[in-house]
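Down below is the structure, laid out as structure tokens.
The values are calculated or read from the model by the stated rules, or taken from the named source; none is laboratory data. Just so it is clear, the structure is predicted and the values come from calculations on it, not from any experiment. Note that each Cβ is placed from the backbone with ideal geometry, even for glycine, and that neighbours are counted across all protein chains shown.
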Amino acid sequence: MFPSALIELIEKIKMPHRIAILAGTVVLLAGLFIYLIYLPKSEEIERLEGDVQRLTQSLNQAKIKARSLAKFQEEYKTVSEQFREALNLLPNEREIPALLRSITQQGSDSKLEFILFSPQRERPKDFYVEIPFSLEVNGTYHDVAVFFDKIGRMDRIVNITEVSMKPVAELSTMLSTRCEAVTYRFKGQMDEKPAEKKK
């Protein structure tokens, strides 16, 4: 009974009013949909898009840092290898006497006569110590050149500096050669102990 009465009531409403009621109902439903469903979902979508953007930026920064870390690890490995190679080129405290004997042997093999072989005071630098010693040898220019070449080919670093040459006697082919030979060692615990005692 109720549906038939409702239909009769609707039939009594004029067509323009029916259209207006329909339009109002559609607008009301659309408004409710927008207010109750669309707007909250839009805000959530906007928030999620912001989160995605921030996470994407964080991920990109993490990738950049990961690439940088790999690069730094590779550089560290290279530097460590170079440092180990440098350590092999510099004698430690115990190897110095053997190194000096090797230098005198190189001189003897080069047919030089040693006149002076005098260790000098060590010269501390930032992270290494210079170990100089004065040399004076007699021999021909060729023999001295061979000696210097052999020193340059040694496994350990030895630099020859302050070279001066003069004939042993007037018109002699024998030369008296004075120079300073310098080798090096890294600073170690023995160098640090005096500083600790001062504290």
Residues that are of a type in the set (Gly, Ala, Ser) and at pLDDT 85 or above, drawn from region 86-120: Ser102, Gly107, Ser108, Ser110, Ser118
Residues that are part of a loop (DSSP other than H, G, I, E, B), free of Cβ contacts under 8 Å to residues at least 40 places away in the same chain and not β-branched (Val, Ile, Thr), drawn from region 113-157: Arg121, Glu122, Lys125, Asp126, Arg153
Residue list for region 118-156, restricted to those being more than 19 Å from Thr173 (Cβ to Cβ), in contact with a strand residue (DSSP E or B) (Cβ under 6 Å, 6 or more places away or on another chain) and not small (Gly, Ala, Ser): Pro119, Gln120, Glu122, Arg123, Tyr128, Val129, Glu130, Ile131, Pro132, Phe133, Leu135, Ile151
Which numbered condition Thr177 fails, given (1) closer than 17 Å to Asp109 by Cα; (2) among the hydroxyl-bearing types (Ser, Thr, Tyr); (3) in a loop (DSSP other than H, G, I, E, B): (3)
